[in-house]
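Enquirer: Shown below is the structure under consideration.
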Amino acid sequence: MTGRSRPRGAYTASPCPACRAPKRSRWYLCGHCWNALPEPVRTALNLHDDQAHRRLRELHAHIAAGLPLGQLEINP
Ligand SMILES: [Zn+2]
């Protein structure tokens, strides 16, 4: 079950963008997907500076490309 047939936002305003599982609203990903990210990426994504939105776009572009989360690289 991929959840792809589920109407967008039917159960939560912001499901995990990678696997569509419900996640906490302030998290970028659900816990499972977050733990799949390389440690340096998680550290970078946890920073809330003026580059935070750019990093989030890189994360979403990576997911949209269908690449494994463990291969994500983000410039800090
Ligand atoms: Zn997920």
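Enquirer: How much of the accessible area of segment 14-76, probe 1.4 Å, is carbon plus sulfur, in whole percent? Before the final figure, lay out each step's value.
Expert: Values: 2170 of 4060 Å².
C and S fraction of accessible area: 54 percent.
Enquirer: Compute the accessible area per residue over segment 14-76, keeping the other protein chains in place, probe 1.4 Å, unit Å².
Expert: Working: 4060 Å² over 63 residues.
I get 64 Å² per residue for this part.
Enquirer: Let me ask you something else. Determine the principal axes of the Cα atoms in segment 14-76, then give the extent along each, sorted from largest to smallest and rounded to whole angstroms.
Expert: Here the spans come out as 27, 23, 19 Å, largest first.
Enquirer: How large is ³J(HN,Hα) for each residue in segment 53-59, as worked out from phi by the Karplus curve 6.51 cos²θ - 1.76 cosθ + 1.60 (θ = phi - 60°), to whole Hz, x for Gly and Pro?
Expert: 5, 5, 5, 5, 5, 5, 4
Enquirer: Calculate one ³J(HN,Hα) per residue across segment 65-76 by plugging θ = phi - 60° into the Karplus curve 6.51 cos²θ - 1.76 cosθ + 1.60, and present them in order as whole Hz with x for glycine and proline.
Expert: Per-residue couplings from phi come out as 7, x, 8, x, 4, x, 9, 5, 10, 10, 6, x Hz.
Enquirer: Another question, if that's okay. Gain in length, ASN46 to ASN75, computed as 0.36 nm per residue apart minus the alpha-carbon separation, to one decimal in nm?
Expert: On the way: separation 29, 0.36 × 29 = 10.44 nm, distance 1.29 nm.
Additional length available on full extension: 9.2 nm.
The values are calculated or read from the model by the stated rules, or taken from the named source; none is laboratory data. Given the structure is predicted, the values throughout are model-derived calculations rather than measurements. Protein only, heavy atoms only, side chains kept; ligands, DNA and RNA dropped before computing areas. Shrake-Rupley method; radii C 1.70, N 1.55, O 1.52, S 1.80 Å.
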